[in-house]
1. Angle check, please: helix 270-279 long axis (alpha carbons) against the longest principal axis of the chain (alpha carbons), in degrees 0 to 90, nearest 10.
2. I'd like the Karplus ³J(HN,Hα) series for the stretch 60-68: coefficients 6.51, -1.76, 1.60, θ = phi - 60°, whole numbers in Hz, and an x wherever there's a Gly or Pro.
3. Assigning unit charges at the beta carbon (Lys, Arg +1; Asp, Glu -1) and nothing else, what dipole magnitude in debye, to the nearest 20, does the stretch 184-343 show about its Cα centre?
4. With each pseudo-label sitting 7 Å past Cα toward Cβ, what's the residue 363-residue 379 distance in nm, one decimal?
5. Let me know the charge dipole size of the chain about its Cα centre in debye, to the nearest 20, where only the beta-carbon of Lys, Arg (+1) and Asp, Glu (-1) is charged.
6. Add -39500 (n - 2.57) for each DSSP H run of 4 or more in the chain, then divide by its residues: what number comes out at 222 nm, to the nearest 500 deg cm²/dmol?
7. Highest mean first, what order results for 52-59, 163-170, 280-287, 123-130 on Cβ atoms within 10 Å?
8. Near the amide H of residue 170, under 5 Å away, which other amide H atoms are found, from residues 5 or more places off or on another chain, if H is placed in the peptide plane?
Amino acid sequence: MQICVFTCSRSEYSLLFPIMKEIEKSESLSLQLAITGTHLLPEFGMSKNIIQENGFNIDLEIQVPQYEDTLEFQTEVASSVLKKLGENLKKFKTDILLVLGDRYEVLPAVYAAFLLNIPIAHIHGGDLSGNIDNSIRFAISRLSHIHFCATELSANRLRKIGEEEWRIYVVGSPSIDNVKNVPMEENKIRKKYGIPLDKEFLLVVLHPETGGEAKPQENFVKIALDAIKELKQETVFIYPNYDYGSSQITNEIKKLEKVEWFHILKNVPHTDYINLLRSCFLLVGNSSSGIIEASAIKKPVINLGNRQDGRERAGNVIDLPFDKDIIVKTIKKLQKDKNSYLKYTNTKNIYGKGNSAQKIVKILESIKVNQKLLKKHIIL
């Protein structure tokens, strides 16, 4: 059976990686791979190179227009995905399209498969977050035929909107597979990225804070960076995704390019990211990795703003507003008060045991592509 995996960003690819490896091991499944988005944009690190270094053959590259930080750019990307993937899925004789999460590029990919009567399997459906992507995630779930949920609560949300029970599987998050499978290499990772061996460092990951307004909040990144500058702490800053508003982030961090203690990374393989997360003193930002991967690593996280509102979290997360004084005060307290810091390391992972990829592939191997699978009934 031909499984086409669609990926459009480095963060989403990192979760798909262990599943793709398991598909390649399967005797009854064959992997097809379609990529787009930041994988093909040099200004965001061209993560296509990482995919190829990981040994995967890319069957389809859906080119995107010259990057512009506008809403219109997103519609152009979505249009390209719908057209190009739609042209190729039938040629590939794809049996199932496998997608993950809530990226806006994923929705047109799913719609293309839906119109071609190709079943869709969706990973991380039923989750909640605090940005506009919630609507996209649930639209994807409504069009999908198989749901691989990370938690029971996410599965219950899909049941409440009428998805049939037999389509829903609770498998945990493949993020935890990466945590489990990547060996600890702190000294190696510090040397690779020029981080002093004898200094604690902050890991910062900030994405646009979009809640559906016409313009993303313009000063949130300046507030966060002003806090970091006041601390003068060794800091690793990873480039954001290319959502609307990302240029506000990249423009601000470029101002710190020549600061000796500030390290800017455009693109990081998921294996390196896991080790940066393990090695850092603290993760600061609004990335879902602070909620999911960091909980498995037992790493304290300062989660800023509203982007992750509603997402299930463990006891490692400290939710703060974008307020410079509060951010600085909290980080200084964690640095000075060991007991306060340790309190946030005593946490329980709620996203699975690190075997999600095996579960997903085993289920895919058992799926029969027929009219029962394709014809959805909404149970209300």
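Where a number appears in this text, it was derived from the coordinates with a stated rule and is not lab data. In this text, all values refer to a predicted model and were calculated from it rather than measured experimentally. FYI the Cβ positions are ideal-geometry reconstructions off the backbone, even for glycines, and counts take in every protein chain you see.
1. Once rounded, the angle reads 30 degrees.
2. 8, 10, 9, 5, 10, x, 3, 4, 9
3. That gives the stretch 184-343 a dipole magnitude of about 480 debye.
4. Modelled inter-label distance: 1.5 nm.
5. That gives a dipole near 920 debye.
6. -12500 deg cm²/dmol
7. So the order, starting with the most tightly packed, is 280-287, 123-130, 163-170, 52-59.
8. Amide H neighbours of residue 170: 149.
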